[in-house]
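Data first, discussion second: the structure below is written as structure tokens.
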Amino acid sequence: MWTNENRRRYDRSKLRYPSDLTDEEWALIAPIIPPAKRGGGKRTVSIREVVNGLTYVLSSGCQWRAIPKDLPPRSTVNGYFALWDYDGTLDRIHQALSVKCREQAEREASPTAAIIDSQSVKSAGKRGARIDPHGFDAGKKIKGKKRHLLVDTQGLVLHAIVHAADSQDRDGGVLVMATLFGMYPFLLKLYADGGYQGPQFQAALKRVVRRVNVEIVKRSDAAKGFTVLPKRWIVERTIGWLNRCRRLAKDWECLNRSALAFLRWSSIRIMLRRLCQKTK
């Protein structure tokens, strides 16, 4: 809650840009980033400044060519953005911070319950030959992409995918669970909304994760106006957290892989600030 006493916990006015990493935040991810390869010229760019460039683009939603001059060049920042996505560095950072957040909350590294939901996002104007196709979500009247999120009961992102908006929730949900690849072996309970009900989703889910039971959380017919639904509000809150990053306001990316990478960086941003949050 934004009170005068609580506001100090989120104060970043002493940083060059509010999106920059503090010393405590950088200390958490610096050991995970791989060193420069042997041979050739020495690395001259500051990796911390590269990460600051990425978080600047993520937070402000600016174009790559609008990165400030006191940060590394856009080609360097974009190059590391793609490299860390392809070589698995981004996944390792995300997983390591997720474990630390759960340990901070005195919970096991692998959750036993999770919540799944999707968010349809409008696509911005794009052109070119190498663009992943978008779709039309007839239910929400949105032409663009759909972000599918799997979060734990704290609201931290466990897994996510990005696909065309015309895919049904039950199809995207199965794809999310099928691409976990045993990452969370103790997962037993999955909460979902009415879009995931029906025998098709249940049967497909049993083929990919047999031990997981699905509980559909429905809205009561007697309820009028806005009501907080058990468990489902957690993933909705996570979507709100992620949308604070303006790069996620629309689907600006040509490739689903790039869109997913920015989503993961937004999740990393949330976990870093939670781990390094000042208590006084």
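List, in order, the whole-Hz ³J(HN,Hα) value for each residue of segment 267-272 obtained from phi through the Karplus relation with A = 6.51, B = -1.76, C = 1.60 and θ = phi - 60°; use x for Gly and Pro.
So the Karplus estimates, Gly and Pro as x, are 5, 4, 4, 4, 5, 4 Hz.
Of 121, 131, 196, whose Cα points farthest to the positive end of the dipole of segment 116-200 (charges on the beta-carbon: +1 Lys, Arg; -1 Asp, Glu; origin at the Cα centre)?
131
May I ask you to list the chymotrypsin sites (Phe, Trp or Tyr not before Pro) in segment 1-76 that are in a DSSP loop and have at most 11 other Cβ atoms within 10 Å of their Cβ?
Here the chymotrypsin sites (Phe, Trp or Tyr not before Pro) that fit, given the DSSP loop and packing criteria, are 2.
What is the angle, in °, between the Cα long axis of helix 232-242 and the longest principal axis of the Cα atoms in the chain? Nearest 10 is fine, range 0 to 90.
Long axis of 232-242 versus the principal axis of the chain: about 20 degrees.
Using 0.36 nm per residue of separation minus the Cα-Cα distance, give me the extension gain between residue 95 and residue 11 in nm, one decimal.
27.6 nm
Could you tell me the relative contact order of the chain? Use alpha-carbon pairs under 8 Å, at least six residues apart, and round to a whole percent.
22
Counting only Cα, what are the radius of gyration and maximum Cα-Cα distance Dmax of segment 50-108, in Å?
For segment 50-108, the Cα-based Rg and Dmax read 14.4, 43 Å.
What is the sum of charges around residue 107, taking Lys and Arg as +1, Asp and Glu as -1, for the other residues whose C-beta is under 14 Å from the C-beta of residue 107?
-1
How big is the gap, in Å, between the Cα center of segment 26-88 and the Cα center of segment 3-25?
Distance between centres, Cα-based: 21 Å.
With a 10 Å radius around each residue's Cβ, average the other Cβ atoms per peptide and rank 110-120, 172-182, 42-52, highest first.
My ranking of the peptides, most packed first, is 110-120, 172-182, 42-52.
Please give the net charge around residue 200, taking every other residue with its beta carbon less than 15 angstrom from that of residue 200, where Lys and Arg add +1 and Asp and Glu add -1.
+1
Please work out the average accessible area per residue across the chain, using the 1.4 Å probe convention, and give it in Å².
Solvent-accessible surface per residue comes out at 56 Å².
Suppose the Debye formula is applied to equal point scatterers at every Cα of segment 131-280; what is log10 I(q)/I(0) at q = 0.09, 0.18 Å⁻¹?
Once normalised to I(0) and log-transformed, intensities are -0.31, -1.26.
Work out the length of the dipole vector of segment 142-280 about its Cα centre, built from +1 on the beta-carbon of each Lys and Arg and -1 on the beta-carbon of each Asp and Glu, and round it to the nearest 20 debye.
560
Using only protein heavy atoms and a 1.4 Å probe, report how much of residue 134 is accessible, in Å² to the nearest 10.
It works out to around 90 Å².
What FRET efficiency would be calculated for the residue pair residue 122, residue 27, taking the C-beta separation as r and a Förster radius of 25 Å, to the nearest 0.05?
Efficiency, rounded to the nearest 0.05: 0.10.
How much net charge surrounds residue 57 when only other residues with a Cβ under 11 Å from its Cβ are counted (Lys, Arg +1; Asp, Glu -1)?
Around residue 57, the charge tally is +4.
Using only the alpha carbon atoms of segment 68-147, find the Kirkwood hydrodynamic radius as the inverse mean reciprocal pair distance, in angstroms to one decimal.
16.8 Å is the Kirkwood radius here.
Distance between Cα centroids, segment 151-180 to segment 249-269: provide it in whole Å.
14
Using 0.36 nm per residue, how much length does the chain from residue 218 to residue 183 gain when fully extended, once their Cα-Cα distance is taken away?
Gain in length upon complete extension: 9.8 nm.
The values are calculated or read from the model by the stated rules, or taken from the named source; none is laboratory data. Just so it is clear, the structure is predicted and the values come from calculations on it, not from any experiment. Because the Cβ atoms are built from the backbone with ideal geometry, glycine has one as well, and the counts that use them run over all protein chains shown. Side chains are part of the model used for accessible areas, which takes the heavy atoms of the whole protein and leaves out ligands, DNA and RNA. Shrake-Rupley method; radii C 1.70, N 1.55, O 1.52, S 1.80 Å.
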